[in-house]
Every structure is written in structure tokens, then in C-alpha cells.
Amino acid sequence: GDMVRFRKPVYPVQNRSDCGQWSDWKLGLLVEYQSWEKVATVMHNGELFRIRAEYVQKAGKKDELK
């Protein structure tokens, strides 16, 4: 898989109309991408996260230096 950067929601979300807070960008490994669902499965620190594709980006050279 590709190296990606992603954001994930920081819980708890106060109510359904609140979009919540988002974490800083993190680096992970893209395990799977379901194009019809627009959901990516990303591994970060040994954990798998299912994240909406709009919060996942392919990592570049600048990201590898961090």
C-alpha cells in the first residue's frame, strides 16, 4: 500500500449537527480503498481506521521527513 496522510475525528461529538473536531494530519499505510463507498482503510500504529476518502491524501516527500 501507499503511504498516506489522514485526519480522524476526535470524539466525543456533542450532537449530530456538530461536525466535531479533527486531529492533526497523521501518517499511515493505505491497506484498502473501497471506491464505491469512498472509504479508505488506513493502518496507523498497529490500528486499522476506516476513514472517509476526503480526509485521506497520498503522502509526499515532505511528509516522510517528519
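Screening Asp24 with (1) touching a strand residue (DSSP E or B) at 6+ places or on another chain (Cβ under 9 Å); (2) at pLDDT 75 or above; (3) loosely packed, with under 12 Cβ neighbours inside 10 Å gives one miss only, at (1). Summed over the stretch 40-66, residues that are in contact with a Lys or Arg (Cβ under 7 Å, 6 or more places away or on another chain) and either closer than 18 Å to Asp24 by Cβ or surrounded by 15 or more Cβ atoms within 10 Å (Cβ to Cβ) (or both) total 9.
The values are calculated or read from the model by the stated rules, or taken from the named source; none is laboratory data. Just so you know, these numbers come straight off a predicted model, no measurement behind them. In this analysis, Cβ positions are derived from the backbone assuming ideal geometry, glycine residues included, and neighbour counts consider all displayed protein chains.
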